[in-house]
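A short write-up of the structure that comes next.
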Amino acid sequence: VQLQASGGGLVQAGGSLRLSCAASGGTFSRYSMAWFRQVPGKEREFVAAVRSSGGHTYYLESVRGRFTISRDGAKNTVDLRMNSLEPEDTAVYYCAAGTPILSNIRQRSGYYYWGQGTLVTVSS
């Protein structure tokens, strides 16, 4: 499975961005999809995930209520809508695909495939 992330950029605090990840080369409906983020010198951090069925979503507590993850089975895409952005949200954002169980849906170990990352910069 190949994943291509897009949509990053520079935005002021309080603004919004939408990231998109296009999947190809596999059966999209098999996989749970997730977004992680990473800043230099820190571990890659879970942000949000959506189950293969699309029926359950999971969020990092600090983004809950501000970010929304969604998937489109017809387009083989997963989006991350980010509102009320804060400077602390600045990071490279990665999309991922895998078949995690509930205990590792927020862990990198739950995902096999990774996109190349897209940079989000939030200015204060």
Residue that is most open to solvent (accessible area, probe 1.4 Å), among those in the range 68-82 that are free of Cβ contacts under 8 Å to residues at least 24 places away in the same chain and in contact with a strand residue (DSSP E or B) (Cβ under 7 Å, 6 or more places away or on another chain): Thr68
Answer from Glu86, Glu61 - the residue that is surrounded by 13 or more Cβ atoms within 10 Å (Cβ to Cβ), over 11 Å from the mean Cα position of the chain (by Cα) and at pLDDT 95 or above: Glu86
Checklist (1) out of contact with any Ser or Thr (no Cβ under 9 Å at 6 or more places or on another chain); (2) in contact (Cβ under 8 Å) with a residue 40 or more places away in the chain; (3) open to solvent by less than 40 Å² (accessible area, probe 1.4 Å) applied to Gln38, failing item: (3)
Filter result for Tyr112 (among the aromatic types (Phe, Trp, Tyr), closer than 21 Å to Ser29 by Cβ, in a strand (DSSP E or B) and open to solvent by less than 60 Å² (accessible area, probe 1.4 Å)): no
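The values are calculated or read from the model by the stated rules, or taken from the named source; none is laboratory data. Keep in mind that what you see is a predicted model, and the values were worked out from it rather than measured. Cβ atoms come from the backbone with ideal geometry, glycine included; neighbour counts cover every protein chain shown. Just so you know, the surface numbers come from the protein's heavy atoms only, side chains and all, with ligands and any DNA or RNA stripped out. Shrake-Rupley method; radii C 1.70, N 1.55, O 1.52, S 1.80 Å.
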